[in-house]
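The values are calculated or read from the model by the stated rules, or taken from the named source; none is laboratory data. Computed from a predicted model, the values in this text were never measured in an experiment. Backbone-built Cβ (ideal geometry, glycine too); neighbour counts: all protein chains shown. Ligands, DNA and RNA are excluded from the accessible area calculation, which covers all protein heavy atoms including side chains. Shrake-Rupley method; radii C 1.70, N 1.55, O 1.52, S 1.80 Å.
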Amino acid sequence: MADRFGIDAPATIVFSLFYAVFCTGFIYQSKEFSGAGLSPEIFLSYNDWIGSEELRFFNYHMKRTAGSMVLHSLLPAGYLLGYSYFTSTIDGNHSNMSDFWAHWPVFWNVLLVSIMMPLIATTTVWLWSLNGWERHPFIAKLKLYASNNTWLQVAADVETEFRRIDKISIRTNPLSKVVVTDNWIVMVGAWPWSLQLSHQSDVSLQLASSEHHRISTEGEIGGAQFLHIKVSLVVFVLL
């Protein structure tokens, strides 16, 4: 086939292109990857580790975002190890991977740094998980509303409202989701620092723009309408 079309791409180039597509789909969670089960949630659901979003909303997302950070930190090392294998074994540029690393010491040093990334990420997640995830970045946002009670009471109030059927849950993009309950507005993303939490009495909503499309990505009849709603914090000044 290579002779017929005059194409003989090195295995490292093919692997690099494939890995770039894989990383893009895995990190930004396209529908194709999610449908194929290639998402952090699927891996983290092993042995029901992250639990149920419906029952324990914050515990679920704290584990999900922390676990996603660890999984994402593995990607650079995976690419460098794969590249070393393909250039040595498949392309035959070197006798083995050790010979390749000896010939390219800079590559070896970068590989060592990339291996440190998941170790640091795992250690960070372990520190966060102590005392019931007391040190997770989500907790700092919850403590802003824990004036008379602990952050656990704030989380319990939000989770109680989240379990009601009259909540609004909208996925604004593959990585973020906005949840509106009776009294709270919550936005969660893919990373541990992505939580945005506001009590409805502290914000004002303003319609910034509206777009109507005849074709819907979800297949609904009549198209879809996209609303850009600006959420602003209301500041009270005491005179």
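Modelled spin labels at residue 52 and residue 214, positioned 7 Å past Cα toward Cβ, are 4.5 nm from each other. Among the DSSP helices (H) of the chain, those spanning at least 20 angstrom by Cα along their long axis with an average Kyte-Doolittle hydropathy of 1.6 or more are 11-28; this is a geometric and hydropathy rule only. Under a model in which nothing but the beta-carbon of Lys, Arg (+1) and Asp, Glu (-1) is charged, the chain shows a dipole of about 420 debye around its Cα centre. Shape class of segment 65-159 from the alpha-carbon gyration tensor: prolate, with a/c at 1.5 or above and a/b greater than b/c.
Ranking 65, 77, 195 by how far each Cα lies toward the positive end of the dipole of the chain (charges on Cβ) leaves 195 at the top.
In a reduced charge model with +1 at each Lys and Arg Cβ and -1 at each Asp and Glu Cβ, segment 148-192 shows a dipole moment near 220 debye about its Cα centre.
Heavy-atom surface analysis with a 1.4 Å probe gives the chain a carbon and sulfur content of 62 percent of its accessible area. The modelled label-to-label distance for the pair residue 175/residue 91, using points 7 Å beyond Cα in the direction of Cβ, is 3.0 nm. Once all protein chains are placed together, residue 152 keeps about 100 Å² accessible to a 1.4 angstrom probe. According to the square roots a ≥ b ≥ c of the eigenvalues of the Cα gyration tensor, what is the shape class of segment 1-92, taking rounded for a/c under 1.5, prolate for a/b larger than b/c otherwise, and oblate for the remainder? Prolate, because a/c is 1.5 or more and a/b exceeds b/c. Here, segment 88-216 has an Rg and a Dmax of 23.2, 67 Å when only alpha carbons are counted. Applying 1/(1 + (r/R0)^6) with R0 = 25 Å to the Cβ-Cβ distance of residue 38 and residue 109 gives a FRET efficiency near 0.25. Once Kirkwood radius over Cα pairs in Å is calculated for the structure shown, the corresponding label among [x] 21.5; [y] 27.1; [z] 17.3 turns out to be [x]. Taking max minus min of the alpha-carbon positions on each principal axis, segment 107-152 gives extents of 54, 17, 7 Å, largest first.
Summed over the residues of the chain and divided among them, the accessible surface reaches 64 Å² per residue at a probe radius of 1.4 Å.
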